[in-house]
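Step one of this worksheet: look at the structure below.
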Amino acid sequence: MSTIVAISTASGIGGIGIIRMSGENTFNILDKIFIPKNKQNITEIKGYTIKYGKIVDNNKQIDEVLVSYFKAPKSYTTEDMCEISSHGGQVVMKQILEVCLKNGAEIAEPGEFTKRAFLNGRIDLSQAESVIDIINAKTSKEAEASLNQLNGFLNKDITKIKEKIYSIMVDIEASIDYPEYDIEEVSNKKALNTLIDVKNELIKLENTFLNGKIIKEGIKVAIIGKPNAGKSSLLNLLLKEERAIVTDIEGTTRDTIEEFISINGIPIKIIDTAGIRNANDIVEKIGIDKSKDIANKADLIIAIFDSSKELTEEDFEILDIIKNKLNIIILNKIDLKNKIDENKLLKINKDIIKVSILNNEGVDKIYEKISELFNLEKINLDNSVTITNERHKNEILKAKHNIENAINSLNENMPMDIITVYIKEALENLGNITGENVSEDIINNIFSKFCLGK
């Protein structure tokens with residue numbers, strides 16, 4: 001493979017920047033551009049060591065740096081590899097990148113370092129996918145789930161399931177190759193029990209995806225209500241910052257505002273929407289239609305009402321929107337005289353939260369209610385496997401379907417060669433998760449989502 005190089009730190013100004021290089025010519029290129037304070041032959045330099053010196057181009061110093069050495073096969077890619085830690089300016093990092101390219105390196109594709117780690121057998125495909133998940137993690141729970149996958153927890157579970165399937169294949173082959181021993185009946189019974197066990201294991205993995213989806217994608221929460229009910233003020237309070245403009249003028253919010261908060265390590269996307277009312281302004285009308293659409297697609301609706309005013313036609317429209325959706329009803333402005341008919345609201349939701357956003361009173365109950373509705377406190381990873389990847393879930397579903405077909409075929413006394421077809425397809429499905437027999441197109445698609453330098 002060629003020797004690749006890329007800037008691994010994010011674009012922008014920082015204290016340090018890292019230029020990563022990997023491939024068989026890494027140390028030859030480094031020898032041309034790096035002058036260490038204490039010169040040593042590469043054979044004398046141990047892996048996992050750091051040397052101080054300067055990067056030069058035609059004897060002109062570019063920067064003073066630290067260079068970390070990683071010798072094959074004990075590196076991220078399993079190839080000879082180095083990381084040049086320079087000052088964090090974009091100009092300096094680009095100059096170092098250019099001098100590496102000038103001396104024989106090639107620019108790395110997105111995710112190519114991790115792709116090489118996979119192709120060279122250091123990690124499986126599910127572990128490679130967890131790297132980008134760790135980078136993109138929005139909360140501690142998502143990072144923890146991704147780290148568990150990087151540590152090979154999913155691979156271990158898949159391997160155990162595959163070993164059980166292989167044991168069935170051995171028994172089937174024995175019954176076919178040695179029919180004179182009349183072991184078919186015993187093999188069929190053993191195969192059926194094992195297949196049922198495998199199916200249960202796959203169901204257990206499949207069931208983790210519900211929590212996994214919440215951990216990775218979060219919970220989409222729409223705040224809806226009439227103008228000036230307190231939607232934007234609630235958003236600001238939940239975010240603990242002045243994110244939305246708040247005025248006494250009705251219709252201030254005309255488009256959605258989306259921000260994330262974290263509850264028990266789970267990402268919660270809070271969406272502030274335009275106030276729902278009969279509006280004449282065409283721009284406001286578009287915003288109101290968008291509010292209704294977002295409310296319909298949300299996992300949870302927070303409907304906020306002004307307790308100091310009587311219910312209006314717009315309030316009843318809001319109640320109609322939320323009646324068949326998971327919802328939290330909030331009565332705001334409890335610091336003022338109550339004029340609202342709570343009985344109308346209780347028909348939709350028996351558990352109403354009363355708050356004064358102005359005085360920051362009762363807002364903690366909203367966090368508690370969201371946690372309760374989605375059982376967030378019970379999402380505990382504890383070094384266990386949680387499926388967060390849609391591709392993995394789909395392959396597990398396919399494997400389960402093939403195992404079910406094999407079970408049905410055994411119960412119907414179908415020929416063993418037919419049962420074997422289903423079992424082999426299940427093995428292929430599981431192999432697609434770890435990357436043993438996955439297509440090149442899928443591999444390229446996965447690594448195209450990575451950032452440069454990873």
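Quick note: the coordinates plus some simple rules give every number you see, no bench work behind them. None of the values given here were measured: they were computed from a predicted structure. For neighbour counting, all protein chains shown are included, and Cβ atoms are generated from backbone atoms with ideal geometry for every residue, glycine included.
Stokes-Einstein, applied to the Kirkwood radius of segment 94-169 over Cα pairs at a viscosity of 1.306 mPa s and 10 °C, places its translational diffusion at 107 µm² s⁻¹. Here the chain was treated as a single set of alpha-carbon atoms; its pair distances binned every 10 Å from 0 give 4, 16, 18, 16, 18, 15, 9, 3, 0, 0 percent. For segment 4-108, the relative contact order works out to 38 percent when only alpha carbon pairs closer than 8 Å and six or more residues apart are counted.
Counted by Cβ distance under 12 Å from residue 5, the other residues give a net charge of -2, where Lys and Arg count +1 and Asp and Glu count -1.
Values of log10 I(q)/I(0) for segment 1-95 across q = 0.26 Å⁻¹ run -1.49, by the Debye formula with one identical scatterer at each alpha carbon and no solvent. In angstrom, the C-alpha Rg and Dmax of segment 330-377 are 12.1, 36. Let me know the longest stretch in the chain that avoids all GluC sites (Glu not before Pro) found in a DSSP loop with at most 14 other C-beta atoms within 10 Å. Answer - 45-240. Across the cross-link table entries 156/378; 51/156; 240/350, which are compared at the Cα atoms, the separations over 31 Å belong to 51/156.
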